[in-house]
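Okay, structure first, notes after.
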Ligand code: PBG
């Protein structure tokens, strides 16, 4: 055949494929989520996420050493408190699990980037991400509480605070509160585009944060929509966000692409608990090649435009990247 164009020439050998390949996942792109509990000597498995545990701070110190040795340089902490109340006061408790984890991590691993997820749902007795009155999640009243949590975590050493509540105006409120408290160097990673997703199921078991009534659809986004992606992102940037997050990741790569095409801004994706559990379950059954499926998914997120990748697979992926 007289074929001038033969695209297969670019795939003819592994050496040629290495030469022309476009997208790489680097170990330093990876951010590892960690659940922290109160108490001592706790390393408790999360049943719906095989390989993931809830750690007390002393056990976390041992685990973070292993994580650091894989080359991972960023972690995001989620607190699982013993006591909950109506306004989530555990979120700004100086001796809370996350605050203690932050102090330990900054002391033992000073160059580890420590991100604190900021939300009320793990800390409220009703499990909603805001203050509740007459069955409604109040927006403006919630902002001061979130900011208190952010200032508390910044004070404990967080390099980055990451509000995941989806209240309107929280980035601006938080930026002002951080600045007033003298934390103008603390970054804000905004969960700007966060959908009301069923993929968060295993997380809610891990963090004991399922809403006691109703759902999160009055604050998290409707997954049938994409126009509001622009509004949410634009507002967070105007209000002072430093990094934009899109969440979940795998079923939302079109959204990652939209945000990355539209905004010249650092973008992070969160490959959430349900994504981890699905791959893990299939892998444990021997139905998929775990390493291949994980690396393909993470690469797709970068290809779609994300620079940073939050994934429960981070330590394993770091080892796989180093193995080549
Ligand atoms: C807290 C929060 C959630 C997740 C991250 N921060 C749960 C939720 O919104 O219900 C989900 C993360 C995951 O599923 O891995 N608001």
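The C-alpha atoms of the chain define a longest principal axis, and helix 227-239 lies at about 60 degrees to it. Take the Cα of residue 141, go 7 Å toward its beta carbon, and the backbone nitrogen atoms of region 74-114 under 19 Å from that spot belong to 84-92. Exposure proxy ranking for 44, 296, based on other Cβ atoms within 10 angstrom of each Cβ and starting from the fewest, stands as 296, 44. Applying 1/(1 + (r/R0)^6) with r as the Cβ-Cβ distance of residue 94 and residue 251 and R0 = 45 angstrom yields a FRET efficiency of 0.70. Scaling against 2.2 N^0.38 Å puts the C-alpha radius of gyration of region 196-324 at 1.13. For the chain, the share of DSSP beta bridges that are antiparallel, to the nearest 5, is 15%. Note on residue 43/residue 210: beta-carbon distance plugged into 1/(1 + (r/R0)^6) with R0 of 25 Å gives a FRET efficiency of 0.65. Projected label points at residue 111 and residue 319, each 7 Å from Cα along the beta carbon direction, are separated by 2.3 nanometres.
Assuming 0.36 nm per residue, please report the length gained on full extension of the stretch residue 83 to residue 282 beyond their Cα-Cα distance.
Values: separation 199, 0.36 × 199 = 71.64 nm, distance 3.54 nm.
The span from residue 83 to residue 282 would gain 68.1 nm if fully extended.
Hey, fewest Cβ within 10 Å first, where do 310, 171, 243 land in order?
Details: 310 27, 171 24, 243 19.
Result, fewest neighbours first: 243, 171, 310.
Prolate is the label for the chain. Its Cα gyration tensor axes, ordered a ≥ b ≥ c, give a/c of at least 1.5 and a/b above b/c. Between residue 218 and residue 24, the simple spin-label model (points 7 angstrom out along Cα→Cβ) gives 4.9 nm. Hey, rough spin-label estimate for residue 292 and residue 261, points 7 angstrom out along Cα→Cβ, what's it come to in nanometres? Each label point lies 7 Å from its Cα, and together they span 3.1 nm. Of the residues 287, 68, the one with the fewest other Cβ atoms within 10 Å heads the list, and the complete ranking is 287, 68.
None of the figures in this text is laboratory data; all of them are computed from the coordinates on show. Everything quoted here is computed from the prediction, not taken from an experiment. A quick note on method: Cβ atoms are made from the backbone with ideal geometry, for glycine too, and the neighbour counts reach across all protein chains shown.
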